[in-house]
Amino acid sequence: MKKLILATILSVFGLFAFAAGGGEADIKFEKTSHNFGTFPESQKVTCTFKFTNTGDNLLVIHQAMASCGCTVPQYSKEPIKPGESGQITVTYNGAGKFPGHFRKSITIRTNAKQEIIRLYIEGDMQPNP
């Protein structure tokens, strides 16, 4: 039991020392926009934006805010270590909204060199028959 407690304490201090150490986190997305194409109003659509921490410190996503309530971003709250990857999943539900072309933004706030990044989704939602 004492070994487990000691290991936990050392791990926590090691994580803080790593995070407090020099360097910055940096985030690089594989893509920053996604086009869903044409889909019916009754269908929710989802895409995934993959990213990598290309910096030399822990990357923390503080917030992901969509430009409207019909768009919902989901992301891991855990810090991403240097060299590791993560993802942000975005779901668009246009049911009851205006059919036609749309373009929505998702604002990502991080502790990276570039603190704010915008992701975009778009598509053409066809009205239900």
Would you check if there is a residue in the stretch 60-73 being crowded, with 18+ Cβ neighbours inside 10 Å, among the polar types (S, T, N, Q) and in a loop (DSSP other than H, G, I, E, B)? no
Every residue from the stretch 36-59 that is in contact (Cβ under 8 Å) with a residue 24 or more places away in the chain, surrounded by fewer than 17 Cβ atoms within 10 Å (Cβ to Cβ) and among the polar types (S, T, N, Q): T38, S42, T46, T48, T54
Residues being in contact with a Pro (Cβ under 8 Å, 6 or more places away or on another chain) and within 22 Å of K28 (Cα to Cα): count how many of those fall in the stretch 92-107. 1
Which of the residues spanning the stretch 39-57 are of a type outside the set (K, R) and within 14 Å of K28 (Cβ to Cβ)? F49, F51, T52, N53, T54, G55, D56
Reported set for the stretch 78-129 where residues are over 30 Å from T54 (Cα atoms), assigned to a strand (DSSP E or B) and free of Cβ contacts under 8 Å to residues at least 40 places away in the same chain is G100, H101, F102
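Readers should treat all values here as calculations from the given coordinates under stated rules, not as data from a laboratory. Not measured: the values here are computed from a predicted model. Don't worry about glycine lacking a Cβ; one is built from the backbone with ideal geometry, like all the others, and counts go over all protein chains shown.
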